[in-house]
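K.L.:
Quick one: structure below, then a few questions.
The values are calculated or read from the model by the stated rules, or taken from the named source; none is laboratory data. These numbers come from a predicted model, not from an experiment. With ideal geometry, Cβ positions are generated from the backbone for all residues, glycine too; neighbour counts draw on all protein chains shown. When the accessible area is computed, the model is the full protein with side chains, heavy atoms only, and any ligands, DNA or RNA have been set aside. Shrake-Rupley method; radii C 1.70, N 1.55, O 1.52, S 1.80 Å.
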Amino acid sequence: MMDTRPPLAAARDAISAARRIVIFTGAGMSAESGVPTFRDALTGLWARFSAEALATPEAFARDPELVWGWYEWRRARVRAAQPNAGHRAIAEFAARRAAEGSGGVTVVTQNVDDLHERAGGPAAVHLHGSLFAPRCGACGAPGAFATVEPVEPEGGRRLAPPRCEQCGGALRPGVVWFGEGLPEAAWSAASQAMDSCDLVLCVGTSALVYPAAALPEQALRAGATLLQVNPGHTAFDALARFNLKGSAATVLPALLCGNH
Ligand code: BV8
Ligand code: ZN
């Protein structure tokens, strides 16, 4: 029987009927906060590189100052950014469901920013690490940033990574680089959430990077409904029961909090 309801209304009904929801986010979630996505061309010092080329252990080994400078530039952009209406809608929605006891909401993100947390939402499962958790590249000991936060020039700069207090090795960003395995704890938490959810809401991801992109497919195989919010086309278009073609900060408040 043809579903004649407008997609937003039908999607809202599917969400209210769902018991356990996973919200799976990518770079598009933070785009309206001024954080560039991976599809956006790099600028300044890094204009001649692709993000995929810089976010590798090989690039860091070859030129640690170039790569550390890039991450410090990105961290400065995130510190200067604010959660957008999409992040806030997720936080409000999760709090309301918890208060009503109408089922859990798990946020699983590919993003290395802290905007989900700063929006007051549930701590997200960070599949690809964080810009705020440096560690020693040699002994793995957690590292710390300079107490006085440096001002990063707009176009970026080369910056020597700080030294590890334990072994003197160079600190590296606490992110997962291409060719590196994902943190075990985050992967198993995300995998369990996908297996036990009845709806997965994918927001702002191109679904190109694996193994993260395989997670919503895993939820589908476990019988969940897939709902997508993305202004563009992605590999999830064909898998989604509802495709809401719009931005995170405009669609999520209407979808999750009924503010339209
Ligand atoms: C590994 C942290 C082995 C670093 C990141 C299978 C098939 C093909 C390739 C592979 C495969 N398996 C592995 C690979 C290789 C590789 C990979 O997937 N390559 C891709 C490029 C083809 N994967 C890996 O290397 C992984 N590791 O396989 O290791 C191994 C295994 C065990 C033990 C040892 C080794 C590691 C992958 C993780 C890499 N790290 N980030 C950093 O941030 O610097 S990935 C990084 O890129 C992000 O975290 C994110 O995951 C990805 C970017 O994707 P999105 O988030 O989706 O963002 P994108 O910019 O692409 O798209 C934005 C979307 O938003 C668009 O759709 C757009 O339309 C939309 N949008 C825009 N504006 C808005 C919006 N939506 C809503 N609102 C808006 N306003
Ligand atoms: Zn060390």
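K.L.:
Based on a Kirkwood Rh over C-alpha pairs, give the Stokes-Einstein translational diffusion coefficient of the chain at 37 °C and viscosity 0.692 mPa s in µm²/s.
P.N.:
171
K.L.:
Can you compute the helix-only [θ] at 222 nm over the chain? Use -39500 (n - 2.57) per DSSP H run of at least 4 residues, normalise by all residues, nearest 500 deg cm²/dmol. Write out the running numbers ahead of the final one.
P.N.:
On the way: 10 runs with 93 residues, N = 260.
Dividing the helical sum by the residues of the chain leaves -10000 deg cm²/dmol.
K.L.:
Kindly state, to the nearest 0.05, the FRET efficiency for Arg48 paired with Arg20, given R0 = 51 Å and r defined as their beta-carbon distance. Intermediate results must be reported in sequence, preceding the final value.
P.N.:
Numbers: r = 45 Å, r/R0 = 0.88.
FRET efficiency, Arg48 to Arg20: 0.70.
K.L.:
Show me the trypsin sites (Lys or Arg not before Pro) within region 1-106 that DSSP assigns to loop and that have at most 11 other Cβ atoms within 10 Å of their Cβ.
P.N.:
Numbers: sites: Arg12, Arg19, Arg20, Arg39, Arg48, Arg62, Arg74, Arg75, Arg77, Arg79, Arg88, Arg96, Arg97; in loops: Arg19, Arg20, Arg39, Arg48.
Loop-located and lightly packed - Arg48.
K.L.:
Sketch the reach of a paramagnetic label on Ala160 as a point 7 Å from Cα along Cα-to-Cβ, and name the residues of region 58-81 whose backbone nitrogen lies under 12 Å away.
P.N.:
65
K.L.:
How about region 127-224: which GluC sites (Glu not before Pro) there are in a DSSP loop, with at most 14 other Cβ atoms within 10 Å of their Cβ?
P.N.:
Numbers: sites: Glu154, Glu165, Glu180, Glu184, Glu217; in loops: Glu154, Glu165, Glu180.
Of the GluC sites (Glu not before Pro), the ones in loops of region 127-224 whose Cβ has at most 14 other Cβ atoms within 10 Å are Glu154, Glu165, Glu180.
K.L.:
Just how far, in whole angstrom, is region 162-210 from region 213-258 if you go by their alpha carbon centroids?
P.N.:
Here the answer is 20 Å between Cα centres.
K.L.:
On the full set of protein chains, 1.4 Å probe, figure out the accessible area of Leu45 and give it in Å² to the nearest 10.
P.N.:
Near enough 50 Å² of accessible area.
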